[in-house]
Amino acid sequence: MKLIKKELHDFNLSEIQEKIIDLKKEIIFMKIKKITQQNIKPHLLKNKKHLLAQLLTIETIKLNQ
């Protein structure tokens, strides 16, 4: 789910909120896998956290407009 910042700004608020919820779920599942010592790719966890931060920022910007 690689998205470019320009593409992120094109989403409406409800789509952004759905993606935020999905990313939070994915991050939680990855953390659970890490705790149970299953194989995960650490760079994917970092990328998902970064994308989540971007989406939260865009959500805040859209809410304040």
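The values are calculated or read from the model by the stated rules, or taken from the named source; none is laboratory data. Model, not experiment: these values are computed from the prediction. Cβ coordinates were reconstructed from backbone atoms using ideal geometry, including for glycine residues, and neighbour counts include every protein chain displayed.
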Which one of these does ALA53 not meet: (1) of a type in the set (A, V, I, L, M, F, W, C); (2) at pLDDT 90 or above; (3) surrounded by 14 or more Cβ atoms within 10 Å (Cβ to Cβ)? (3)
Given (1) among the polar types (S, T, N, Q); (2) touching a helix residue (DSSP H, G or I) at 6+ places or on another chain (Cβ under 9 Å); (3) surrounded by 10 or more Cβ atoms within 10 Å (Cβ to Cβ), ASN47 misses just (2)
Could you list, in sequence order, the residues of the range 22-65 that are charged (D, E, K, R) and closer than 26 Å to ASP10 by Cβ? ASP22, LYS24, LYS25, GLU26, LYS46, LYS48, LYS49, GLU59, LYS62
